[in-house]
Amino acid sequence: AATVAAPVVAETVTSTDESVVSAAAELAREEYGTGRTAVTELVFAFLREPDARPQVVARLADHVDRAERQRRDVDGLFE
């Protein structure tokens, strides 16, 4: 539910980069069942802590950037 709610909330917060929150929500979905929770915890923090949203979004952006770099690094590696 949090991965659905976070992008919707991001749309209503004017200072929030919606694309970062949407990408982070997707990463949180990918974390499900893996034992990793870093991005999921930040998505929950985004929803629960309105005053901390700028800092949380900055940390989410770091995770999203790292995931995109990892995908680019292995893209085409096994073709």
Just to be sure before I move on: is R59 touching a Leu at 6+ places or on another chain (Cβ under 7 Å), open to solvent by 40 Å² or more (accessible area, probe 1.4 Å) and not in a loop (DSSP other than H, G, I, E, B) in the structure I sent?
yes
Those residues that are among the aliphatic types (A, V, I, L, M) and within 16 Å of D62 (Cα to Cα), I need them from the stretch 7-50; list them, please.
V20, V21, A23, A24, A25, L27, A28, A38, V39, L42, V43, A45
Those residues of the stretch 24-52 which are small (G, A, S), assigned to a helix (DSSP H, G or I) and surrounded by fewer than 20 Cβ atoms within 10 Å (Cβ to Cβ), in sequence order
A38, A45, A52
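The values are calculated or read from the model by the stated rules, or taken from the named source; none is laboratory data. The structure presented is a predicted model; accordingly, all values stated were derived computationally and were not measured. All Cβ positions, even for glycine, are placed from backbone atoms using ideal geometry, and neighbour counts span all protein chains on display. Ligands, DNA and RNA are stripped out before the accessible areas are found, and what is left, the full protein with its side chains, is counted by its heavy atoms. Shrake-Rupley method; radii C 1.70, N 1.55, O 1.52, S 1.80 Å.
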